[in-house]
Protein chains: 2
Amino acid sequence: MNLQIRENIVTRFSGHETFTLRYTWLPKAVHHIKSDPELFSREDAMVSLGVGKNMVRSIRHWALAFGVLEDDPNIPNNRGRTLRLSQLGEALFGDDGIDPYLENMSTLWLLHYNLVSKPDSPTTWFYAFNLFPRMEFSSKQLLDELQNLNNETENKKVSSSIIQRDINCFIRTYVPPKKSKNEVIEDTLDCPFVELALLRETTTPNSFCFCRGTHSSLPTEILVFALLDFWDTYNPGINSLKFEDIAYEVGSPGRVFKLSEVALSEHLHKLDTVTKGALRFDSTAGLSQVYRSRDYAPQDALKNLRSSRSK
Amino acid sequence: MNLQIRENIVTRFSGHETFTLRYTWLPKAVHHIKSDPELFSREDAMVSLGVGKNMVRSIRHWALAFGVLEDDPNIPNNRGRTLRLSQLGEALFGDDGIDPYLENMSTLWLLHYNLVSKPDSPTTWFYAFNLFPRMEFSSKQLLDELQNLNNETENKKVSSSIIQRDINCFIRTYVPPKKSKNEVIEDTLDCPFVELALLRETTTPNSFCFCRGTHSSLPTEILVFALLDFWDTYNPGINSLKFEDIAYEVGSPGRVFKLSEVALSEHLHKLDTVTKGALRFDSTAGLSQVYRSRDYAPQDALKNLRSSRSK
């Protein structure tokens with residue numbers, strides 16, 4: 001399967017204008033798009049959003065890449081001019097959304113899943129989390145592999161400096177910049193995804209390591225969302241999934257969230273309760289599998305999350 | 001001077017309901033107070049702010065403690081029922097504010113200064129940054145000293161468990177919770193002030209260390225704001241301040257921002273430029289001092305900051 005996925009990737013190494021996502025950008029984009037769906041096509045978007053021109057483009061890029069906004073399909077010949085909230089954007093940041101100001105870690109986990117789990121995700125993000133065989137890697141190794149990928153595919157060839165810039169942005173999404181003495185720190189907050197602690201710098205400069213582990217701030221409800229979405233995307237129409245696939249396949253929750261087998265198994269043991277019996281994990285008969293007995297949409301798991309928040 | 005400050009402290013060890021400030025709370029409080037100055041007295045504040053009852057109280061506490069909101073003095077017999085934006089709240093988060101969504105590190109530095117620099121600040125925060133003689137300390141040592149302080153003063157005596165809760169909240173303001181395997185992590189983002197890297201946990205459990213250093217994300221404009229505010233609060237009416245006072249006195253920028261002498265001195269060398277000659281640092285005549293030649297309000301430094309942001 002991996003080979004086929006690899007061949008079908010349409011490489012995309014730009015759009016973020018080298019800015020990582022900021023806390024306020026998705027709520028801000030959603031807020032503005034609701035009153036003005038053509039905001040990002042307007043000359044005065046800089047004024048409305050209170051940022052410079054490059055940042056306007058970056059906000060648009062991220063709102064689309066995270067799947068919070070989408071092209072409005074009801075507008076003929078739209079081509080990205082008129083945007084609207086996606087179903088997920090509505091569920092998270094809409095009027096009755098579960099986290100309209102982006103205040104919860106669970107929202108970050110969900111957005112992370114949405115950003116990296118599909119072949120049409122920003123290439124570096126998808127490749128690093130799903131196809132890259134290394135847990136520890138140097139920036140140079142990632143660059144070499146992405147260049148190979150780009151050369152193999154039918155897509156427009158891009159220069160290594162563009163891919164390198166994309167890698168730098170990818171790293172800064174998950175790893176805080178070093179606060180060293182001689183560096184000038186930009187006057188901006190770290191990218192929120194740093195808090196997920198999915199990637200860390202090793203003692204070797206410019207080398208990084210994925211952190212596979214418990215990730216205890218990940219709620220089971222978000223894992224259920226990802227599991228169902230993974231199921232419908234990569235394995236539609238079947239009614240059971242093997243533990244190994246959920247743990248290691250491209251786009252799987254175990255792989256995208258870098259969960260240890262123990263942690264994943266603990267989440268799966270709660271499936272029955274969280275989904276009110278729609279999903280069930282069974283590891284008694286020698287084969288560990290999740291069984292799906294009836295329809296249960298990814299969004300249903302989010303409703304659950306909302307009702308479990310009582311504070 | 002310190003003795004007198006110590007004696008005049010009105011100890012306050014509560015109000016935050018054990019929640020640290022969240023990114024969105026100050027912009028949210030400001031946004032709501034502008035349309036409804038009595039919001040926090042209303043039964044339905046929970047609905048408007050989208051949080052539980054304790055969090056409503058916590059948001060109110062922090063908005064007042066950071067000096068972003070204030071009692072409206074035009075309402076007779078107000079007693080905290082009707083709030084309004086303070087001058088600082090307006091400058092930061094108002095309609096024409098410099099950082100309406102709280103997106104910049106400089107805003108965090110400014111809010112930090114405002115929170116900890118005055119004797120009427122939340123006691124643990126003021127004491128730890130200004131009167132506590134240790135750079136490295138255990139939670140227990142801070143507790144002992146705060147209990148002594150509370151016993152010395154005329155204020156209502158509070159139990160050690162209340163002070164301990166306050167210390168825990170203080171620590172979590174600046175130090176990220178350990179993301180260990182066996183702990184359940186709350187589904188909330190770290191307190192934004194963690195990014196200032198002013199305090200870190202040492203290898204001894206429950207022991208902490210202030211990080212005195214360069215803090216290169218602190219802009220000179222914010223240092224100027226703090227310097228002028230410190231000047232007007234603690235040394236009004238004089239026209240020069242010694243380097244040592246700016247570096248080490250209670251409420252001073254050097255002390256509150258935990259700056260090394262070298263870093264402070266680098267900021268002071270930029271005073272002349274940043275304040276267009278209103279402040280000048282002179283260390284040529286054997287005595288290092290800052291001279292103030294004309295009126296220049298703390299707020300003027302912020303205007304400068306705004307015009308230096310071009311992105």
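Please arrange A:232, B:229, A:95 by accessible surface area, largest first, computed with a 1.4 Å probe and ligands excluded.
Working: A:232 75, B:229 30, A:95 135 Å².
Output order, biggest surface exposure first: A:95, A:232, B:229.
For the stretch A:216-261 and the stretch A:125-199, what is the separation of their C-alpha centers, rounded to whole Å?
24
Can you work out the base-10 log of I(q)/I(0) for the protein assembly as shown at q = 0.06, 0.12 1/Å, using the Debye formula on its C-alpha atoms alone?
Relative scattering, expressed as log10 I(q)/I(0), comes to -0.36, -1.37.
Take the Cβ-Cβ distance between residue A:136 and residue B:272 as r, set R0 to 60 Å, and report the resulting FRET efficiency rounded to the nearest 0.05. Please report the intermediate quantities before stating the final value.
Numbers: r = 49 Å, r/R0 = 0.82.
Result of the calculation: an efficiency of 0.75.
Average partner chain C-beta neighbours within 10 Å, per residue of B:215-228? Mind showing how you got there, number by number?
Working: counts 3, 8, 9, 2, 1, 0, 1, 1, 0, 0, 0, 0, 0, 0.
The per-residue average across the peptide is 2.
Using a Förster distance of 56 Å, how high is the FRET efficiency between residue A:156 and residue B:152, based on the Cβ-Cβ distance and rounded to 0.05?
Values: r = 73 Å, r/R0 = 1.30.
Using R0 = 56 Å, I get an efficiency of 0.15.
Using 25 Å as the Cα-Cα cut-off, could you pick out the over-long pairs in B:242/B:276; A:34/B:34; B:28/B:258?
Working: B:242/B:276 20 Å; A:34/B:34 22 Å; B:28/B:258 29 Å.
The answer is B:28/B:258.
How big a patch of accessible area, both sides summed and in Å² to the nearest 100, lies buried between B and A at a 1.4 Å probe?
Numbers: alone 15310 and 15290 Å², together 27650 Å².
Interface between B and A: roughly 3000 Å².
Using a 10 Å cut-off on Cβ atoms, rank the peptides B:279-286, B:145-152 from the highest mean neighbour count down.
Values: B:279-286: 13.0, B:145-152: 16.4.
Put in order of decreasing packing, that is B:145-152, B:279-286.
Please give, to one decimal in nm, the separation of the simple spin-label points placed at residue A:206 and residue A:43, each 7 Å out from Cα toward the Cβ.
4.3
Return the ratio Rg/(2.2 N^0.38 Å) for the stretch A:1-153, where Rg is computed over Cα atoms only. Don't skip to the answer; put the middle values down first.
Values: Rg = 16.7 Å, N = 153, 2.2 N^0.38 = 14.9 Å.
With N residues counted in the stretch A:1-153, Rg over 2.2 N^0.38 Å equals 1.12.
How big is the charge dipole of chain B about its Cα centre, in debye rounded to the nearest 20, if each Lys and Arg gets +1 on its Cβ and each Asp and Glu gets -1 on its Cβ? Mind showing how you got there, number by number?
Working: 36 positive and 39 negative charges, 77 e Å.
Dipole about the Cα centre, nearest 20: 380 debye.
As a test of reading the structure, rank A:116, B:274 by solvent-accessible area (1.4 Å probe, protein chains only), most first.
Result of the area sort, largest leading: B:274, A:116.
Between residue B:284 and residue B:95, what is 0.36 nm times their sequence separation minus the Cα-Cα distance? Round to one decimal in nm.
Numbers: separation 189, 0.36 × 189 = 68.04 nm, distance 4.41 nm.
Working it through step by step, the gained length comes to 63.6 nm.
Does the stretch B:24-101 classify as rounded, prolate or oblate by the C-alpha gyration tensor (a ≥ b ≥ c root eigenvalues; a/c under 1.5 gives rounded; else a/b over b/c gives prolate, otherwise oblate)?
On the way: a/c = 1.76, a/b = 1.13, b/c = 1.57.
In terms of gyration-tensor shape, oblate.
From other protein chains only, count the Cβ atoms within 10 Å of every residue's Cβ in B:22-33, then give the mean. Write out the running numbers ahead of the final one.
Numbers: counts 3, 7, 8, 2, 0, 2, 3, 0, 0, 0, 0, 0.
Mean partner shielding for this stretch: 2.
For chain A, what is the Kirkwood estimate of the hydrodynamic radius, computed as the reciprocal of the mean inverse distance between distinct Cα atoms, to one decimal in Å?
Details: mean 1/r = 0.0487 Å⁻¹.
Evaluated on chain A, it is 20.5 Å.
How shielded is B:96-108 by partner chains, expressed as the average number of their Cβ atoms within 10 Å of its Cβ atoms? Mind dumping the intermediate values first?
Values: counts 0, 1, 1, 3, 3, 10, 3, 10, 5, 6, 2, 2, 2.
Neighbouring Cβ atoms belonging to other protein chains average 4 per residue here.
For the rotation taking A to B, I'd like to know which residue in chain A has the C-beta closest to the axis, plus that distance in Å.
A:23, 3
The values are calculated or read from the model by the stated rules, or taken from the named source; none is laboratory data. Here the structure is a predicted model, which means the values were calculated and not measured. Here Cβ is always computed from backbone atoms with ideal geometry, including for glycine, and neighbour counts include all displayed protein chains. Please note that ligands, DNA and RNA were not included when accessible areas were found on the heavy atoms of the full protein model with its side chains. Shrake-Rupley method; radii C 1.70, N 1.55, O 1.52, S 1.80 Å.
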